[in-house]
Structures are given as C-alpha cells and as structure tokens.
1. Of all residues in the range 258-297 being in contact with a Phe, Trp or Tyr (Cβ under 9 Å, 6 or more places away or on another chain) and buried (at least 19 other Cβ atoms within 10 Å of the Cβ), which is farthest from residue 313 (Cα to Cα)?
2. Just the residues that are exposed (fewer than 10 other Cβ atoms within 10 Å of the Cβ) and of a type in the set (Gly, Ala, Ser), please, taken from the range 407-438.
3. Would you check if residue 144 is in contact (Cβ under 8 Å) with a residue 60 or more places away in the chain, assigned to a strand (DSSP E or B) and surrounded by fewer than 17 Cβ atoms within 10 Å (Cβ to Cβ)?
4. Condition check: in contact (Cβ under 8 Å) with a residue 12 or more places away in the chain and in a helix (DSSP H, G or I). Does residue 33 satisfy that?
5. Specify the residue that is farthest from residue 414 (Cα to Cα); the eligible residues are those in the range 360-401 that are charged (D, E, K, R) and assigned to a loop (DSSP other than H, G, I, E, B).
6. Can you pull out the residues in the range 49-83 that are in contact with a strand residue (DSSP E or B) (Cβ under 9 Å, 6 or more places away or on another chain), of a type in the set (A, V, I, L, M, F, W, C) and more than 18 Å from residue 123 (Cα to Cα)?
7. Please work out if residue 344 is touching a Pro at 6+ places or on another chain (Cβ under 9 Å) and either within 29 Å of residue 108 (Cβ to Cβ) or surrounded by 17 or more Cβ atoms within 10 Å (Cβ to Cβ) (or both).
8. For the range 121-130, check the following and say yes or no: at least one residue is assigned to a loop (DSSP other than H, G, I, E, B), more than 29 Å from residue 212 (Cα to Cα) and more than 33 Å from the chain's Cα centre (by Cα).
Amino acid sequence: ISRQRYWGTPIPIIHCESCGDVPVPEADLPVVLPEDCVPDGSGNPLNKRLDFLHCKCPTCGIDAQRETDTMDTFVDSSWYFLRFASSDSSSRMVDERANYWLPVDQYIGGIEHAILHLLYSRFWTKVMRDLDGTQISEPFSNLLTQGMVLNDIFFRTEESGRVSYFNPQDVELIFDEGGKRTGQKLIRDGQSVEAGGIRTMSKSKNNGVDPQLLIDRYGADTARFFMMFASPPEDTLAWNDDGVEGAYRFLKRLWRFGHQFQESIVEGLTLSGSQVDSGKAKALRRDVHVLLKQADFDYQRKQFNTVASAGMKMLNTLDRIEEARLNRVENAILRAEGFGILVKILFPLVPHITECLWNELGFDGELQYASWPEVDEAALVQDEIELVVQVNGKLRTKITVPASASKEEVQEIALGDELVQTYVERQAVKKIVLVPGRLVNIVI
C-alpha cells in the first residue's frame with residue numbers, strides 16, 4: 001500500500017540503525033506532513049526535507065529517519081463516507097453516529113469504482129467493524145454503475161509517426177449527394193483527417209465535449225435533459241449534437257405551453273377537479289395519471305431516460321386539450337393539474353426551467369419543497385376500452401366497448417360492426433377468440 005510520493009497518509013514508522021523499524025508512539029500521532037513541498041519529478045520531495053526526515057528513535061534515542069513513503073490514496077478514499085457522519089470527532093476516526101447514518105443509500109460510480117474503490121470500501125468498513133469502530137458490515141445499500149460517453153475520434157499521423165488528435169467540433173464531415181458520409185476534413189486548414197471510430201471520450205483522444213460550451217449555448221437544463229434522455233444511465237451514451245438540439249426544442253415547447261396557457265392554468269388552480277365530467281376530459285386526465293404512474297415506477301428503477309420520455313408524452317397529452325374542444329372550466333382544470341404534475345416529474349432532470357415556470361404560473365410555494373404528485377387510481381379506471389378486431393388473424397377494424405362488457409357482449413358488438421360484416425359476408429363463424437382488453441379475432 002506504500003507509494004513513493006508526497007501526497008498521501010504518512011506511514012508512522014521510524015527507521016533506527018539499532019532498533020530497526022519502530023512505530024511512532026501513539027502520543028506523537030498523527031504524523032503531519034509539511035505543506036510546502038513542491039514535487040519536481042526528481043523523486044519523493046520528503047526525502048529532501050531534512051526537518052521532516054531526521055528524528056530521534058523513540059526507543060533508544062539515537063538519530064533515526066522517518067519513513068517517507070506514504071499510503072496509497074485508497075486508504076483515505078475508502079472510508080470518507082464513514083467520517084462524514086462524525087466529521088467533528090477529535091478523539092476517534094468515527095463514532096456512534098456512523099451507526100445511525102450508514103449504510104449509504106446509493107453508490108454511483110464508473111466501472112473502475114465498482115472494481116477498485118467499492119472493494120476497498122467494503123474491506124475498510126469490515127476492518128472498522130471488527131475493531132469495534134462501527135456496527136456496519138456493508139457500506140452501501142445500492143450500486144449504480146453508469147455507462148461511458150462515446151464520441152467520434154479524428155486524427156492524423158505525421159511522417160515522424162506522431163499521432164495528432166482533433167476534437168470533433170473542429171472537424172467537418174463530408175457527404176455525397178445521397179447523404180452518405182465520404183470523408184472528413186479539419187476546418188482550420190481544409191485538409192483531410194482520418195476517422196478512428198466512436199470510442200470513449202478521453203483527453204488523450206481529444207474527443208471530449210466541453211459542458212460549458214453547451215451551457216453557454218443552450219443552458220444547463222438542455223445538457224442535463226439530453227444526457228438523461230439519450231440512454232439508460234448504466235448504458236453507454238453515443239454523443240449526438242442533433243440529440244442536444246432535440247432536447248432544446250422540447251424545453252422550448254414546455255416553456256411556450258406554460259406561457260401560452262398561463263391564464264387558463266392560473267384559473268384552473270382555483271377550481272375543483274370534480275368538475276371534469278365529459279368523456280374526453282376524463283380520457284385526457286387518465287392519460288396524464290398513467291404517465292405519472294410510469295414516471296414514478298421508472299424513477300424507482302433509476303431509468304431516467306424513460307422518465308424523460310414520459311414527460312414528453314405528457315406534454316403531448318396536454319397539447320391535445322386544445323383539440324378536444326372542452327369547455328373552459330375543464331380546459332383550465334386539466335391544464336393546471338397536468339402541467340403541475342409535468343413540471344414536478346421533470347424537476348429532478350431540469351430543475352431551473354421547471355422552478356421558474358412553477359413560480360411564474362402561480363403555483364404554491366417553491367417547487368423544490370412541493371410534495372411529489374400522487375397517482376389518482378380512480379382516474380385510471382376506464383368507462384370504455386378500445387379493442388382490435390381481426391378476421392382470420394388480419395386486422396380489420398377497432399371497436400369501443402364498455403369496460404365492464406361481458407364476453408358475449410363484446411362478441412355481439414364485434415360481429416355487429418359494419419366493417420366486420422363486409423369481411424364475414426354471411427359466412428359461418430367457426431369461433432371467436434377474445435383476448436381481454438386487447439383484441440377480438442373472428443375465425444370464418
């Protein structure tokens with residue numbers, strides 16, 4: 001665990017020619033490193049700090065030298081989460097507060113963390129448990145290993161053999177008339193460069209994207225929404241500028257909707273939801289709560305891409321209110337409830353625009369302190385359902401039946417449909433297959 005470098009936890013050992021390796025007495029702990037060393041590449045700078053290096057042997061008193069190796073950084077980084085619970089303790093590494101706060105609810109890290117840091121942290125936690133420092137056996141309750149972000153690699157190989165890499169933002173792609181990519185060139189000199197495929201973003205390949213450039217152009221929420229929407233967090237994400245533009249367009253739509261229907265939303269906040277009576281209004285409200293239920297479930301699974309998708313679908317649903325030609329009161333109630341739910345489920349992904357809309361549209365208090373929306377189970381109940389009708393396995397039409405209709409009633413409605421009659425044409429019906437809630441297949 002030792003490293004020949006200046007930064008790290010000192011190893012409390014003194015080397016004495018007479019006594020050998022002697023531990024630093026407990027009364028002299030901790031060993032404190034000097035804070036003005038400057039690493040210059042010539043070796044461990046502690047070897048040149050005579051005021052630190054030279055000391056007396058605590059056993060025999062003759063001249064001796066301190067150990068100048070330091071412990072590897074994992075010795076420090078493997079138990080910081082335990083120390084957080086009792087950071088003001090001056091007599092112990094951790095105290096009984098660690099038993100209250102630990103284990104950590106959620107651990108998020110790349111694959112290198114899952115292999116190394118997670119292993120060291122579990123080891124260190126069990127050491128502290130065995131030494132009666134804590135009663136915790138496992139440091140983390142849940143693990144999420146996020147995927148890597150990928151981007152194109154472009155380079156040139158010089159005559160000397162040296163490879164120079166160019167950032168994708170500095171490269172122009174070349175396409176033929178059919179839209180097929182035929183090459184690429186460096187923008188600043190117009191000369192061609194080679195493509196190295198799509199690989200993990202890295203400094204060495206110069207294929208990273210500066211988040212600040214995205215923030216300056218689109219805002220932080222757009223960058224966040226794109227990365228959340230593009231793929232599940234545990235999968236790799238192939239960077240795509242068009243995807244960033246798509247995220248930006250959605251957030252502009254969200255903003256426009258809020259301000260376009262501001263008066264209606266403000267009015268709806270003062271009305272009761274019990275005034276939503278028409279079939280069309282109930283169907284729209286049901287769609288909102290179905291999507292809320294999906295978003296709830298996906299947040300629990302940490303599938304943030306499908307949460308973003310649910311938000312986009314919910315905005316589409318709210319857009320349909322205008323097309324439904326409802327009365328003014330139903331319009332206002334649906335928009336106020338639906339938009340309030342929408343900004344709440346999007347808040348963890350895009351906190352800035354949603355907090356701003358929440359305040360400007362007159363919702364109560366601050367969004368970050370608002371209660372999480374609850375699914376109205378009563379709204380999910382359907383009075384009518386739509387079924388696919390097949391004749392000999394081929395889709396012919398769709399029918400709407402009461403949700404409580406019996407098998408016989410569904411069959412009667414299906415056979416009585418005018419379009420179905422044109423395919424049956426008085427032929428004998430051999431059997432009718434009913435898949436509840438989905439389809440009716442008439443076999444002739």
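1. As a first pass, look at the range 258-297 and keep what is in contact with a Phe, Trp or Tyr (Cβ under 9 Å, 6 or more places away or on another chain): 258, 261, 265, 268-269, 296.
Then keep just the ones that are buried (at least 19 other Cβ atoms within 10 Å of the Cβ); that gives 258, 261, 265, 268.
Working: 258: 16, 261: 18, 265: 19, 268: 21 Å.
Ranking the qualifying residues of the range 258-297, first place goes to 268.
2. 428
3. Working: in contact (Cβ under 8 Å) with a residue 60 or more places away in the chain: yes; assigned to a strand (DSSP E or B): yes; surrounded by fewer than 17 Cβ atoms within 10 Å (Cβ to Cβ): yes.
Yes; evaluated as a whole, the condition is true for this residue.
4. Numbers: in contact (Cβ under 8 Å) with a residue 12 or more places away in the chain: yes; in a helix (DSSP H, G or I): no.
It is false that residue 33 is in contact (Cβ under 8 Å) with a residue 12 or more places away in the chain and in a helix (DSSP H, G or I).
5. Initial filter on the range 360-401 (charged (D, E, K, R)): 360, 364, 366, 374, 376-377, 383-384, 386, 394, 396, 398.
If we keep only those that are assigned to a loop (DSSP other than H, G, I, E, B) too, we end up with 364, 366, 374, 376, 383.
Working: 364: 49, 366: 52, 374: 37, 376: 32, 383: 18 Å.
Selected residue: 366.
6. Here is the first cut: in the range 49-83, the residues in contact with a strand residue (DSSP E or B) (Cβ under 9 Å, 6 or more places away or on another chain) are 52-60, 62-73, 81.
With of a type in the set (A, V, I, L, M, F, W, C) added as a condition, the list becomes 52-53, 55, 57, 60, 62, 64, 71, 81.
Once the filter is applied, which keeps residues that are in contact with a strand residue (DSSP E or B) (Cβ under 9 Å, 6 or more places away or on another chain), of a type in the set (A, V, I, L, M, F, W, C) and more than 18 Å from residue 123 (Cα to Cα), the range 49-83 yields 52, 53, 55, 57, 60, 62, 64.
7. Numbers: touching a Pro at 6+ places or on another chain (Cβ under 9 Å): yes; either within 29 Å of residue 108 (Cβ to Cβ) or surrounded by 17 or more Cβ atoms within 10 Å (Cβ to Cβ) (or both): yes.
So residue 344 fits the description; yes.
8. Filtering the range 121-130 for residues assigned to a loop (DSSP other than H, G, I, E, B) gives none.
Scanning the range 121-130, I find no residue that is assigned to a loop (DSSP other than H, G, I, E, B), more than 29 Å from residue 212 (Cα to Cα) and more than 33 Å from the chain's Cα centre (by Cα), so the answer is no.
The values are calculated or read from the model by the stated rules, or taken from the named source; none is laboratory data. On a predicted model such as this, the values are computed, not experimentally measured, just so you know. Because the Cβ atoms are built from the backbone with ideal geometry, glycine has one as well, and the counts that use them run over all protein chains shown.
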